[in-house]
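> Dumping the structure here so I can ask a few things about it.
What follows is calculated from the coordinates using simple rules that are stated; it is not laboratory data. Note that this is a predicted model, so its numbers are computed, not measured. Neighbour counts are summed over all protein chains in view; Cβ atoms, including those assigned to glycine, are modelled from backbone coordinates with ideal geometry.
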Amino acid sequence: MPDLLSGLAARKGAQTIGDGAVILRGFAAPLAAELLEAVERIDKSAPFRRMTTPGGHLMSVAMTNCGDLGWASDRRGYRYQPTDPVTGEP
């Protein structure tokens, strides 16, 4: 598979901030409405939630998942799994 990000640093408006790190201001702007609609559809079937760490602490960020596997965290540990950790749905 080719590198999906090669050549992005040469794009107009790209700002290199470190070795291998580039800010692409406005890169997704043309697709913003479509991306937002996709996130809203995902949120309806797998709502954003704050997961628990293995140590029992509540994470400060909320997340959701889509696709074949989703990242999950709870008292049992961190992992990727094929079902939603709360609903058990794929």
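> Give the residue list of chymotrypsin sites (Phe, Trp or Tyr not before Pro) in the chain that are DSSP loop and have at most 16 other beta-carbon atoms within 10 angstrom.
Those that pass, being in a loop and sparsely packed, are 27, 48.
> Using the Kirkwood radius over Cα pairs, work out the Stokes-Einstein diffusion coefficient for the chain at 4 °C and 1.567 mPa s, in µm²/s as a whole number.
81 µm²/s
> Right, next: Does anyone have the angle between helix 32-45 and the longest principal axis of the chain? Alpha-carbon axes, 0 to 90°, nearest 10?
In the chain, helix 32-45 runs at an angle near 10 degrees to the longest axis.
> Rg to Rh for region 46-90: what is it, with Cα atoms only and Rh by Kirkwood?
0.93
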